[in-house]
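The values are calculated or read from the model by the stated rules, or taken from the named source; none is laboratory data. As the structure is a computational prediction, the values presented were derived from the model and not from experiment. Please note: Cβ atoms are built from the backbone with ideal geometry, for glycine as well, and neighbour counts cover all protein chains shown. To get the accessible areas, we keep the full protein, side chains included, count just its heavy atoms, and leave off ligands, DNA and RNA. Shrake-Rupley method; radii C 1.70, N 1.55, O 1.52, S 1.80 Å.
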Amino acid sequence: MPSRSCANLLDMASGDILDIPQTPRALPRVMTVPGIIADGDSDSMSSSCRERKIVVANMLPLHAQRDTTAKKWLFSLDEDSLLLQLKDGFSPETEVVYVGSLKVDVEHSEQEEVAQRLLDEFKCVPTFVPHDIQEKFYHGFCKQQLWPLFHYMLPMCPDHGDRFDRQMWQAYVSANKVFADKVMEVVNPEDDYIWIQDYHLMVLPTFLRKRYHRVKLGFFLHSPFPSSEIYRTLPVRDEILKGLLNCDLIGFHTFDYARHFLSCCSRMLGLDYESKRGHIGLDYFGRTVYIKILPVGIHMGRLESVMNLSSTSDKAKEVQEQFKGKKVILGVDDMDIFKGISLKLLAFEYLLQQDQNLQGKLVLVQIVNPARSSGKDVQEAKRETYSTAERINKIYGRSNYEPVILIDRPVPRYEKTAYYAVAECCLVNAVRDGMNLVPYKYIVCRQGSPGMDDAMGIKTDSPRTSMLVVSEFIGCSPSLSGAIRVNPWDIEAVAEALNVAITMSDSEKQLRHEKHYRYVSSHDVAYWARSFMQDLERACKDHYSKRCWGIGLGLGFRVIALSPNFRKLSIDHIVSSYRRTQRRAIFLDYDGTVVPQSSLIKAPSAEVITLLNSLSNDPKNTVYIVSGRGRKSLSEWLAPCERLGIAAEHGYFIRSSKMSDWECLASDLEWKPIVEPVMKLYTETTDGSYIEPKESALVWHHQDADPDFGSCQAKELLDHLENVLSNEPAVVKRGQHIVEVKPQGVTKGLVAQKVLSMMVDSGTPPDFVMCIGDDRSDEDMFESILSSVSSSSITAAPDIFACTVGQKPSKAKYYLDDTADVLRLLQGLGNASCPKPRHTAHFQVAFDSVLTDCFQVMLHSGLEIPIDVDFIVGEKLCLEFQFCRSDDGCPE
């Protein structure tokens, strides 16, 4: 039964099911079709000449406030928003348009005016998602289902997270559809680049790709991406993966997150990835979806401007005086179950317990940012944090000493900056976090500024130090090689790391700080945005060099992109050529071509036998099945086809018909005893793998093994065998879920070359060559055919039909979708090859006489005679009536 989640939710999202009110009138648009500009004034028209980036996020980078006296809205830019800061990575001439929601509800009657004003003043396009959908979309599906899952929290029971709710999912899809409608109002799909931010909008690419097949789409995930064991529990896992794959570039903070995403694509969608000149790419129906790995940075200018404020210097001096004679450890976290605040407090308590000399000298200042979501989990985390802090202060506190200071209120930026500057060590102990920029900010603040240095009594030329203790489960950890990385769940290890950090020599702290500062200052938010956009432009550069069309319903929609010269093989086209030609060579792969790859029954059906017979019995045809299978199986299965040629084991054995003897193309197999024990070793250590022995080859299969482990073992086996066979006449090749060792020089291409040469030598050079296959080994045939027919031995160039099964990059010029398509094609050729019955001479003369009389009557009556003229063997002219045809296509 098809999944309800993908049952045309594209239409559901904009239909009556969720009753989405109509959005205000369309905003001014730029050119969307060459030569046509819709609803635009002079300003919007001129903007189409500028380079534009459209940044789409859940929330716009705006502050909004209602002036109750004047009864109007007041808007201002949020200078701390990442969306606003990333503009620094673009050229000054680039126009950036933001699409997203406001943090406040605007009355429906005011929405049109507000939308126009925000576009004119701030280049912002508000989405105005209806309130009930916004609640289910953001506070429901995003915060109660996606956010916990992406942070490795499963709803094992009702007390630990909300379970999947289809209404929430439908609201998520509907909200994404509203965002898509707004993007479509302002986008110029031929020129603009669209950059989608974060997990709130993961099916938005599907809506946009469906509307514009060549739209330039980038996506960046700011949260972790979970391992496949966690992600696969999501009922709508495929829809979200396919949504992301409709992008051209997908960005992640760390390789771990990207690796998990690629593993999910492999396990759930059967997609493999490869590194292309340093860039990771997924081939998705002819489109290459690139993966970008780069952590976001901070805005150096914004932070330095805060450091230069007099209020910051004053506060830094105040904090320094407050903790004079004490060492400060700083934590800055949201009140969130994943930030590990309580674990941090337990580690600090253990440190004080183990080293009494630190009591009275060490202070943990924990700044608690307001929670981004509400719920019983947040309240429970808050209660635990407060109870733990009170216990520590009660046990280790004194009249003038409070070990733990909780600051649970909105803290202005200048005050946080002051605490960063004073702290000896910064502890980030999150159990799971997408990125976390607190360590970056701490490093920059410890570098200081002239005003702060003066206020704190620090000489301008004095060395700077900083120490970081960071969880290994946060996104910034890999980029901070000088930090002490810890497992936040190991209380004792965290306590030990804190002790190392505060007792480390100043020279060591200085070296670590300098290393970190060089990285943070050079890899800022502008670098991140610029690098991402450069990769997006590179990923989109071939958009217009391919032919594109969309397939699939609902959220399963995707675009197929193929070379302009790579097209589906038309049955009418090849049959027309087939009828014209007299000396035909036909090469057919077996598995995946005439027999479905997924079929458990590998013997050919009666239909396949009939088709092969109809082709091979035509005296104009030379037909070969070219397979990697053994000659014994092929001989048994294809025994009814007496005139069919067979090339077994990729051409190691070959015969021209059932009555011919097998010919062997190689003889040296002394390498087999070397290969077999190596393969057995990998079979024993890889559950689900097995060895297929052939007369000329050994094949290691791993399609039933774990996808990741099987692929890893295949790579290791390939390297191992290449080493041990370096001086042997054998080659090691990796195919689809296999590693094969076979004699050197034996390929399917050699079979095609040998057969074509035999035809030329016998004085019947081919004027029609058809080759169909689905595997990598068949690419050798395609290449060999092209090179053989271009040789001087064939005077007249034949009609060549090299055809791969499945739409994928290939050396073939044509493709067919699947085995069913192949059989339909062979049926068409078989009908054109219908052997004519051998009549007696007397009957033939009588028939010809009657036929001639019929034609004369029809000509005298002025009737048109619909006929096909076909010269057959013996130079007899055969006229086939086409007034009616039977179901199989042959004339009745």
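Can you find even one residue in segment 398-420 that is in contact (Cβ under 8 Å) with a residue 60 or more places away in the chain, at positive phi and not in a helix (DSSP H, G or I)? Among the residues of segment 398-420, not one is in contact (Cβ under 8 Å) with a residue 60 or more places away in the chain, at positive phi and not in a helix (DSSP H, G or I), which makes the answer no. When segment 388-423 is filtered for residues that are of a type outside the set (Ser, Thr, Tyr) and either within 39 Å of the chain's Cα centre (by Cα) or open to solvent by 60 Å² or more (accessible area, probe 1.4 Å) (or both), the ones remaining, listed by number, are 390, 391, 394, 395, 398, 400, 402, 409, 410, 413, 416. Taking the criterion of being over 33 Å from the mean Cα position of the chain (by Cα) and assigned to a loop (DSSP other than H, G, I, E, B), the residues of segment 775-828 that qualify are 790, 791, 792, 793, 794, 795, 796, 797, 798. Cβ-Cβ distances below 7 Å connect the following pairs, each with a first residue in segment 227-245 that is closer than 15 Å to residue 287 by Cβ, a second residue that is small (Gly, Ala, Ser), and a separation of six or more residues or different chains: 242/556. A count restricted to segment 206-226 and to residues that are without any contact (Cβ under 8 Å) to a residue 60 or more places away in the chain, more than 20 Å from residue 562 (Cβ to Cβ) and touching a strand residue (DSSP E or B) at 6+ places or on another chain (Cβ under 7 Å) stands at 2.
Of all the numbered requirements in (1) farther than 26 Å from residue 325 by Cβ; (2) open to solvent by less than 80 Å² (accessible area, probe 1.4 Å); (3) part of a loop (DSSP other than H, G, I, E, B), residue 378 misses one, and that requirement is (3). Of all the residues in segment 209-236, those that are assigned to a helix (DSSP H, G or I) and either among the β-branched types (Val, Ile, Thr) or surrounded by 23 or more Cβ atoms within 10 Å (Cβ to Cβ) (or both) number 2. Checking each residue of segment 237-251 against the condition of being surrounded by fewer than 20 Cβ atoms within 10 Å (Cβ to Cβ) and not in a helix (DSSP H, G or I) gives no match. For the subset of segment 568-590 comprising residues that are part of a helix (DSSP H, G or I) and of a type in the set (Lys, Arg), which member is most open to solvent (accessible area, probe 1.4 Å)? Among residues in segment 568-590 that are part of a helix (DSSP H, G or I) and of a type in the set (Lys, Arg), the one most open to solvent (accessible area, probe 1.4 Å) is 580.
Residue-by-condition table, conditions (1) part of a strand (DSSP E or B); (2) at pLDDT below 85; (3) among the polar types (S, T, N, Q):
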position	(1), (2), (3)
24	no, yes, no
44	no, yes, yes
69	no, yes, yes
73	yes, no, no
92	no, no, no
111	no, no, yes
114	no, no, no
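The single residue among 730, 802, 812 that is farther than 17 Å from residue 626 by Cβ and aliphatic (A, V, I, L, M) turns out to be 730. When residue 730 is tested against (1) free of Cβ contacts under 8 Å to residues at least 60 places away in the same chain; (2) open to solvent by 20 Å² or more (accessible area, probe 1.4 Å), only condition (2) is not met.
Only one of the numbered conditions (1) aliphatic (A, V, I, L, M); (2) under 23 Å from residue 774 (Cβ atoms); (3) in contact with a Ser or Thr (Cβ under 9 Å, 6 or more places away or on another chain) is not met by residue 666, and that is (2). Quick check: anything in segment 184-195 out of contact with any His (no Cβ under 8 Å at 6 or more places or on another chain), modelled with pLDDT under 95, open to solvent by 30 Å² or more (accessible area, probe 1.4 Å) and of a type in the set (D, E, K, R)? Within segment 184-195, one or more residues are out of contact with any His (no Cβ under 8 Å at 6 or more places or on another chain), modelled with pLDDT under 95, open to solvent by 30 Å² or more (accessible area, probe 1.4 Å) and of a type in the set (D, E, K, R).
Considering 734, 776, the condition of being more than 24 Å from residue 577 (Cα to Cα) and in contact with a Leu (Cβ under 6 Å, 6 or more places away or on another chain) is satisfied by 734 alone. Condition check for residue 311 on (1) outside any helix (DSSP H, G or I); (2) touching a Pro at 6+ places or on another chain (Cβ under 9 Å): one failure, at (1). Within segment 684-706, the only residue that satisfies the criterion of being in contact with a Gly (Cβ under 6 Å, 6 or more places away or on another chain), farther than 21 Å from residue 649 by Cβ and open to solvent by less than 80 Å² (accessible area, probe 1.4 Å) is 705.
Considering only residues in segment 658-683 that are in contact (Cβ under 8 Å) with a residue 40 or more places away in the chain and exposed (fewer than 14 other Cβ atoms within 10 Å of the Cβ), the one that is nearest to residue 747 (Cα to Cα) turns out to be 668. Residues that are out of contact with any Cys (no Cβ under 9 Å at 6 or more places or on another chain) and not in a loop (DSSP other than H, G, I, E, B) within segment 423-440 comprise 425, 426, 427, listed in sequence order. Residue 97 passes every criterion in (1) at pLDDT below 95; (2) open to solvent by less than 50 Å² (accessible area, probe 1.4 Å); (3) farther than 30 Å from residue 338 by Cβ; (4) not in a helix (DSSP H, G or I) apart from (1). Considering segment 461-567, the qualifying strands (runs of 3 or more DSSP E), each wholly inside and each with 1 or more residues that are modelled with pLDDT of 95 or more and open to solvent by 60 Å² or more (accessible area, probe 1.4 Å), run over 484-486.
The number of residues in segment 707-730 that are in contact with a helix residue (DSSP H, G or I) (Cβ under 9 Å, 6 or more places away or on another chain) and either part of a loop (DSSP other than H, G, I, E, B) or closer than 25 Å to residue 648 by Cα (or both) comes to 6. Looking at the structure I just gave you, is residue 448 more than 15 Å from residue 365 (Cβ to Cβ), open to solvent by 30 Å² or more (accessible area, probe 1.4 Å) and of a type in the set (Gly, Ala, Ser)? The answer is no for residue 448.
Mind checking whether some residue in segment 839-853 is in contact with a His (Cβ under 8 Å, 6 or more places away or on another chain), modelled with pLDDT under 80 and open to solvent by 10 Å² or more (accessible area, probe 1.4 Å)? Taking every residue of segment 839-853 in turn, at least one turns out to be in contact with a His (Cβ under 8 Å, 6 or more places away or on another chain), modelled with pLDDT under 80 and open to solvent by 10 Å² or more (accessible area, probe 1.4 Å). Of all residues in segment 789-818, those satisfying the criterion of being crowded, with 21+ Cβ neighbours inside 10 Å and among the polar types (S, T, N, Q) are 804, 810.
Comparison of 71, 103 shows that the only residue that is surrounded by fewer than 17 Cβ atoms within 10 Å (Cβ to Cβ) and free of Cβ contacts under 8 Å to residues at least 40 places away in the same chain is 71. Any residue that is out of contact with any Phe, Trp or Tyr (no Cβ under 8 Å at 6 or more places or on another chain), modelled with pLDDT under 90, under 27 Å from residue 270 (Cβ atoms) and not in a loop (DSSP other than H, G, I, E, B) - is there at least one of those in segment 686-705? No, because not a single residue in segment 686-705 is out of contact with any Phe, Trp or Tyr (no Cβ under 8 Å at 6 or more places or on another chain), modelled with pLDDT under 90, under 27 Å from residue 270 (Cβ atoms) and not in a loop (DSSP other than H, G, I, E, B). Against the conditions (1) over 11 Å from the mean Cα position of the chain (by Cα); (2) surrounded by 20 or more Cβ atoms within 10 Å (Cβ to Cβ), residue 255 satisfies every one except (2).
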